[in-house]
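Worksheet for the structure shown next.
The values are calculated or read from the model by the stated rules, or taken from the named source; none is laboratory data. Keep in mind the model is a prediction, meaning the values are calculated, not measured. Glycine gets a Cβ as well: all are built from the backbone with ideal geometry, and neighbour counts include every protein chain shown. These accessible areas exclude ligands, DNA and RNA; they are computed on the full protein's heavy atoms, side chains included. Shrake-Rupley method; radii C 1.70, N 1.55, O 1.52, S 1.80 Å.
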Amino acid sequence: MNKSICPLVFYSEIKSSPQIQLLQTKLQEKDDKPKIKAMKQILMLMLNGEVMPKNMLMMIFQYVSPSKNHELKKLFLLYLELIEKKGPDNKLRSEMYLICNYLRNDINHPNEFIRGSTLRFLCKIHEPEIVEPLISSIRDDLTYSVPYVRKNAVLLVAFIYKNHPQLIPDAPEVIENFLKNESDPSCQKNAFIMLYEIEQNRAMNYLLTMAKNLINFDESMQLVSLELMIKICENNPKARTKFLKSILSLLESKSNSVKFEASKSLILLSNSQVAIRAATQALCKILAEEKDNNIRIIVLSHLNKLRINYSHIVSDFLLDILSVLSSSSFEIKSEIIFLAEDLVDTKNIEGVILLLKKEIGKTGEIEHEKTETTNYLRLLVGLTHKFVLKFPQVSDKILDILIDLILRTPKDSSQDQEDESSILIRDIMETRKDIREQILQRLFAVASSVGSSFALRTILWIFGEYCENSQLIRQAFEIIKNPINDLKAILDQKVEEQKSKEESKKKKKEKSSQKNENVENLEVKKEKKQSNKTSKNRRQTKQTSQEKKAIMTKTTSSNTQIRKDGTYGTVGVSSPKKTAISINSTISTVSNTNKITNFIMEGNSYLLSTISSSITKMTLKLIKIQGESNKTTKDFVVDSMLLLVFLLKIGKSNLVKHQIDPDSEQKIFLNIKILGDPKNEITKILLEDCRNSLSKMIKAQQEGDGDHLNDAMSEKFNIESQPDDLIVFNIFQKNRISEKLHFENQDQSLKSVLDFQNDEKPEGSDISDVLLKEGKFNKVFPLTGFSDPIFVEAILNINLYDLMIDFYIKNLTESTFQNMTLELYGLGGLELIDKQQSFTLGPLSSTHITVMAKVSSTENRGIAGTISYDISGTYSAEKNCIVLNEIKISGLDYLIPTSVSLFNFRKMWVEFQWENKILISTSITDLEEYLDFITKKTNMKIVDELITDYKETGFVSKNLYAKTIFGEDVVANASFEKNSDGKITGYVRIRSHSQGLAICVGTLLN
């Protein structure tokens, strides 16, 4: 059977078919250029199906084959590939015997390129009659001096043996001997691959004999050896133990690519801890040595996969992995941090904490404005926070760098990393009772220098919560009291100065008024002396006196000055606003030494309420320690109340930039009331319940840490095994070794399992049940009505970045429908990839059509379309057409509920510009049930999943977060309460970067 092949596809500028006679004339010319052009035209005509004259072969052979031009020789060989080499009687054409002689001459040609290209050409010849006379020459080329010739000769030997083994029956032995004597890497590689393809046992024996010297082979030969070892083991599982030592030796190769492939092969072939440890060590070396980020990401992905089953081994190399943090991009750093979350144990926690401390310290040497550095610092502090909660015994080693981190004063005092560090100090205070006093003393020293408002509020909260004895309470109270007293003294001094200025102004006004009276008397006398003048002059004189009186009147409210020409002029008195500005400037100058004063003058309402709460807690604790009747305690209570009153007074004054908000004002009033009646019921809430709530929250974080990691890991690697999934036993598989050695844990689909069981269904199973379990019926859309002659149904399969729509089309009539065309249109930016061709559908027959669509963003979209057809045996000027129902695709399918820290949530809430505010209107009356309804409808996850008794509180306020498969974030806040009539009222606010995503999520609740 002849095998016609298309060896070459090239561009040709031929617009019309040239005449054959003209081409034959060009072939007869002496110059090679017209011959080359003519040969290209002949090849193009043959590829296009043109039939050449019978004498064309002999003409080409006569005028082209003698040429020494390499390009022309190559075109001649391509021509020999295309022509039919056998006649109608299935026998070799007589002209081909001349070709054999020509090929023999080229195989023995002194030029190595001609030899090699001819040998490569013969690998495409399937006629044994052509190859047989050349066997001796081919054997001789195996020992030729040039590697290019030997490489192609060994390929040809293997090709002949595979297709015509009778021509070279000893080919395996020939190739094996060639391998043993060959020194060129490319020749060794080709020979080894060919030996494996024609006889695996010889290849395996060769590998075993060369196992000790495998480390000295070339990189390409080592990679091929590893690949063939895996293939041999898949077919012969007993050979695995024979190759383990060879693979272990390749882990010491100089090439990182060989190390990587060797580590993968070792993991596939062995489950022993020694092998896994050696492979992990090799991967860590590659991670440290390679500078290419793409390679590092690949290595980290394999380490992540190893972590699933061998975390106890990978954890021993955690410090080596973390050492790469100092010289990587942010993407690599985030991958390493994710990897490290689940690998920390009691053995390496101290080293990990010291390394993280060093990395956090390095971020201070880099410009703080860089977003990448800020994000990296947030990751480091967040990872440290998790480790400290998991291993509280190492918290004292990270304390210094956390305090230093708090003292860094960024331009934006609400930076997330300062917030995270102060929260971490708060959690350390709760978990490490033995070092609380030591931490408090350090915080006492730095409290007045903290530049972050959030961090300062957290430190003041710590003072109020953890100062347990009278000495610590008085120390903390003095730290808060001193800057407030200084501020109060400055304000009192400025008020006195303002009063003295006002008194001096009054005296100046009195003097100016007396002077004005004297001037008026002089004017009156002058008027009497000039009474004999004309009435006109009198009127002018009178008008002049009136103007002067007006000027005198104005000077009563202004400073009067005499100009150079003798006339009077007025200068306005400085306004009180100028005095207020001078007060503020003076306070800001003084407050530079103490940040507490600075934040108070800026009108930070949260700080004022935090100061009042801390002072109240410390006062209540001192009353509990010393007793309410103690004189010093009473003085302390009075001082505390005076401070709270002053905070309230200055917060409501015009001296601060922003006046206190009503909530903070009410809280300070409440604290003053509590101090007036220390036996109030609220005292227990402040001193006990607040601490208990914090303990419960930290405990929930510690217990939920493992669940969070497991969720993240399963999400990272798409682990979707469920308790009711079928169990696939490798021992029953046809190719059980390949399944067992497969590196990734891939589950067999139900179809493959049923096919493997020879189409025998398990007992009690049905394909509809299977489809229901797999959710295949959840996305079924009927597109036509009951009265339509055609039934069309679509099944939607949603993949990562595309959609696959399976259309089932059935003819419900006895007629044949011809030229049926399914025309689809994407709505909402949906891009359809496939364009459907026309088809014919017989009576009561059906067909399946698959259409792919590309998705680029998460928005509500759809697919509309029509199906048109002609009825066989009838004629109509217009086609029959059925408009299909719209396929609606919800954005919910692309939302993935994901965990996020509270700090990242707050940052996204501030940054996102688009908000969709939805008024709640529901018939559900249970708060918890409605919260579950929101999470299921929007496919979002609650950020803080603390257990709350909603029946007792009567309201719900929860933050929700989800991430799309395209990397888009969406945040939401659900705040609602239960009214006296039993109905639920409130709002759900959804925010995202894009308007479409916010609206898309909002429509899920409407």
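Points to keep in mind about this one:
- Relative pair counts by distance (%), Cα atoms of the range 197-306, 10 Å bins: 14, 47, 30, 8, 0
- Using a probe of 1.4 angstrom and keeping all protein chains present, the accessible surface of the range 196-355 works out to 44 square angstrom per residue.
- Cleavage-rule hits (trypsin sites (Lys or Arg not before Pro)) in the range 223-276: DSSP loop, at most 11 neighbouring Cβ within 10 angstrom: Lys254
- For His312, His109, the ranking by accessible surface with the largest value first comes to His312, His109, using a 1.4 Å probe.
- Note on Lys362 and Cys100: the extension gain reaches 86.9 nm, defined as 0.36 nm multiplied by sequence separation minus the Cα-Cα distance.
- In order along the range 643-660, the Karplus-derived 3J(HN,Hα) couplings, from 6.51 cos²θ - 1.76 cosθ + 1.60 at θ = phi - 60°, round to 5, 5, 5, 5, 4, 5, 5, 6, x, 8, 7, 8, 7, 8, 5, 10, 6, 5 Hz, and Gly and Pro are given as x.
- Asp32 versus Ala211: modelled label distance in nm, points set 7 Å from Cα along the beta carbon direction: 5.3 nm
- Prolate/oblate/rounded call for the range 84-202, Cα gyration tensor, a/c under 1.5 rounded: oblate
- Among the trypsin sites (Lys or Arg not before Pro) found in the range 612-670, those both in a DSSP coil and sparsely packed, with 15 or fewer other Cβ atoms within 10 Å of their Cβ, are Lys657.
- Shown for the range 259-342: the carbon plus sulfur share of the solvent-accessible area, taken with all protein chains present and a 1.4 angstrom probe, equals 49%.
- For the listed residue pairs Lys595/Lys617; Lys291/Lys397; Lys33/Lys74; Lys888/Lys983, the alpha carbons are over 25 angstrom apart in Lys291/Lys397; Lys888/Lys983.
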